[in-house]
Amino acid sequence: MSDRTDAHETESGWTYPPACCKSDQLHRDCDAIPTLDVRPGHRGFSVFLRAGDHPLATRPHLFFIPYGDEIPSGDGRYHICLHPTENDVNCFFAPPGNI
């Protein structure tokens with residue numbers, strides 16, 4: 001993960017919505033996740049995070065995001081915001097072509 005000037009900004013420069021990003025520079029709750037972690041299915045996205053795939057993920061997690069609950073990402077990548085803990089999805093971003 002690179003150094004960013006704003007905790008709410010992605011590496012590519014777009015900014016997470018304030019309702020999604022609750023973090024500060026030391027505790028990032030929103031970040032890009034590997035494309036391989038996401039599987040579009042019949043009713044939504046299955047997201048399998050491994051420890052280290054997100055700054056807050058210390059162990060494996062499986063999340064289901066129903067279609068319609070995702071937000072278009074501003075850089076064509078998948079992103080997830082975990083808040084208030086690593087067990088809770090606050091926001092999920094998907095590339096517009098995958099929605």
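What follows is calculated from the coordinates using simple rules that are stated; it is not laboratory data. Source: prediction; values computed, not measured. Cβ atoms come from the backbone with ideal geometry, glycine included; neighbour counts cover every protein chain shown.
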For region 37-98, give the magnitude of the charge dipole about the Cα centre (Cβ charges: +1 Lys/Arg, -1 Asp/Glu; no others), in debye to the nearest 20. 180
Most exposed first, judged by fewest Cβ atoms within 10 angstrom, Ser73, Ser46 run Ser46, Ser73
